[in-house]
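The structure under discussion appears below in the form of structure tokens.
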Amino acid sequence: MTTPVRPTPHGFEALLRPELAELSAYSPPLSRCDVRLDANEAPDLLGDEARSRIHEVLRETALARYPDARAADLREAIAESTGAHPDEILVGAGSDDVIALLLTALSRPRPKAPMSTVLTVTPTFSMYRQSARARGQRVVEVPLDDAWDVAVDNVRTGIEMARPNLLFLASPNNPTGKLAPNDRLEAIIDAAGDAVVVVDEAYVQYASRDQLHLRGRPNVAILRTLSKVGFAALRVGWLIAPRPLIAELDKVRQPYNVPSASQAVAAVVLRELGGEVRALCEHVVAERTWLAGELESLGYECTPSDANFLWVKTPQPAEAVTRHLEGHGVLVRSFHRHGGRLRDRVRVTIGTRAEHERLLAALRVGP
Ligand SMILES: *Cc1c(COP(=O)(O)O)cnc(C)c1O
């Protein structure tokens, strides 16, 4: 019989925020799989010319100097590509950083409430919950409807009952790949009152439309990132929101949150590599259609996707499918641990044709 190893109490345990007991560190699986279709990264299709241009920018980076605390040039480049004013833009070390800033700044409890509340849907991007709970905030999750769309009436009720400070809506949503119907999004924004509605457009380059028309409403903030279009290593994301909100978030931001190299490369991506990014997205969208067709013919049902991944219903339990694929060197993201209607759901990132052939070959011989 083995005795369980108990962590030595150091004394600080009693000082920890109680919510930490329910959280675990975000650690992507350490896997020996060589086909990684689990993290919604884009395939690396960068051409030689683009790569040399980036190397040139990296060579010019002043390593001994702090980054530009205002990220002025990058915000200018984002302004040029989105039509927003630089003062309406806040840059973070990935969207995760921006999400943390929003949660930190907009955290005053409503009158008589013990803590502030965040409202989102489920299933969705896990960082909204993780980051809010790490700050001691309450999280209300409204289940998506049977078609994996946002259930407006339930969200409206959630807003009335829970009086959130912040709403997070990813559109296209992760892991379902669905864009929120515009009328539903507008209805939620109208119902939100003074709460800030964050429309997370992490996958918008793969979608049939964007949601920039919502910009300029006093309670709407649009979140974007370079992570899903080939530049996850940079850790660059940004928020487009009304100036008064950006000004407050800026007080919470660590002055040097985005490294110089990332600022410089991101500006070049936006100003000069638009064609490369568009070609990548076209490749992914074409592969998405092809792979969905192949999976369907094997009995794997795919929800129509506006993102760089497929939300797949597995004929066998997702856990067994995922384990079988790992045995064949292919990693996908399973949601079976969440139980219920997620027990037979996996999320498959779109990669290259060769990677998809490996996935399909493995599925043809099992599980
Ligand atoms: C992957 C993802 C992000 C990206 O976060 P970064 O910190 O910018 O890498 C943001 N939102 C959603 C919904 C995502 O799935």
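Structure notes:
- Test: residue in region 320-333 that is surrounded by 16 or more Cβ atoms within 10 Å (Cβ to Cβ), touching a strand residue (DSSP E or B) at 6+ places or on another chain (Cβ under 8 Å), at pLDDT below 95 and over 23 Å from Ala207 (Cα atoms): no
- Residue list for region 29-77, restricted to those being loosely packed, with under 11 Cβ neighbours inside 10 Å, among the small types (Gly, Ala, Ser) and within 30 Å of Leu291 (Cβ to Cβ): none
- Some residue of region 97-108 being touching a residue at least 24 places away in the same chain (Cβ under 8 Å), open to solvent by 30 Å² or more (accessible area, probe 1.4 Å) and either charged (D, E, K, R) or in contact with a Cys (Cβ under 8 Å, 6 or more places away or on another chain) (or both): yes
- Members of region 204-239 found to be open to solvent by 10 Å² or more (accessible area, probe 1.4 Å), of a type in the set (Ser, Thr, Tyr) and in contact with a Gly (Cβ under 8 Å, 6 or more places away or on another chain), listed by number: Ser227
- Test: Ala192 is more than 16 Å from the ligand (Cβ to nearest atom) and open to solvent by less than 10 Å² (accessible area, probe 1.4 Å): yes
- Selected residue (only one of Glu276, Glu248 is more than 16 Å from the ligand (Cβ to nearest atom), surrounded by 18 or more Cβ atoms within 10 Å (Cβ to Cβ) and assigned to a helix (DSSP H, G or I)): Glu276
- Residue check for Arg343: touching an Asp or Glu at 6+ places or on another chain (Cβ under 9 Å), under 26 Å from Tyr206 (Cα atoms) and open to solvent by 40 Å² or more (accessible area, probe 1.4 Å): no
- Residue, surrounded by the fewest Cβ atoms within 10 Å (Cβ to Cβ), within region 8-28, restricted to residues that are modelled with pLDDT under 85 and within 30 Å of Leu331 (Cβ to Cβ): Ser27
- Verdict on Leu295 being in contact with a His (Cβ under 7 Å, 6 or more places away or on another chain) and either part of a helix (DSSP H, G or I) or surrounded by 20 or more Cβ atoms within 10 Å (Cβ to Cβ) (or both): no
- Candidate set: region 298-321, residues that are among the aliphatic types (A, V, I, L, M) and not in a strand (DSSP E or B); chosen: the one nearest to His338 (Cα to Cα): Ala318
- Checked against the criterion of being without any contact (Cβ under 8 Å) to a residue 40 or more places away in the chain, on the phi < 0 side of the Ramachandran plot and open to solvent by 40 Å² or more (accessible area, probe 1.4 Å), region 162-178 contains not a single residue that satisfies it.
- Spans of strands (runs of 3 or more DSSP E) in region 77-163 with at least 1 residues within 14 Å of the ligand (Cβ to nearest atom): 89-92, 117-122
- Output for region 224-241, where each listed residue is within 11 Å of the ligand (Cβ to nearest atom) and on the phi > 0 side of the Ramachandran plot: Arg235
- Filter pass, Val285 being open to solvent by 10 Å² or more (accessible area, probe 1.4 Å), of a type in the set (A, V, I, L, M) and touching a helix residue (DSSP H, G or I) at 6+ places or on another chain (Cβ under 9 Å): yes
- Scanning region 210-245 for residues that are assigned to a helix (DSSP H, G or I) and in contact (Cβ under 8 Å) with a residue 60 or more places away in the chain gives Leu212, Ser227, Lys228, Val229, Ala232, Arg243.
- In this structure, Ala187 qualifies as surrounded by fewer than 17 Cβ atoms within 10 Å (Cβ to Cβ) and of a type in the set (A, V, I, L, M, F, W, C).
- Qualifying position, being part of a loop (DSSP other than H, G, I, E, B), farther than 30 Å from Leu273 by Cα and hydrophobic (A, V, I, L, M, F, W, C), among Ala69, Ala39, Ala64, Ala25: Ala25
The values are calculated or read from the model by the stated rules, or taken from the named source; none is laboratory data. Owing to the predicted nature of the structure, the values given are computational and were not obtained by experimental measurement. FYI the Cβ positions are ideal-geometry reconstructions off the backbone, even for glycines, and counts take in every protein chain you see. Protein only, heavy atoms only, side chains kept; ligands, DNA and RNA dropped before computing areas. Shrake-Rupley method; radii C 1.70, N 1.55, O 1.52, S 1.80 Å.
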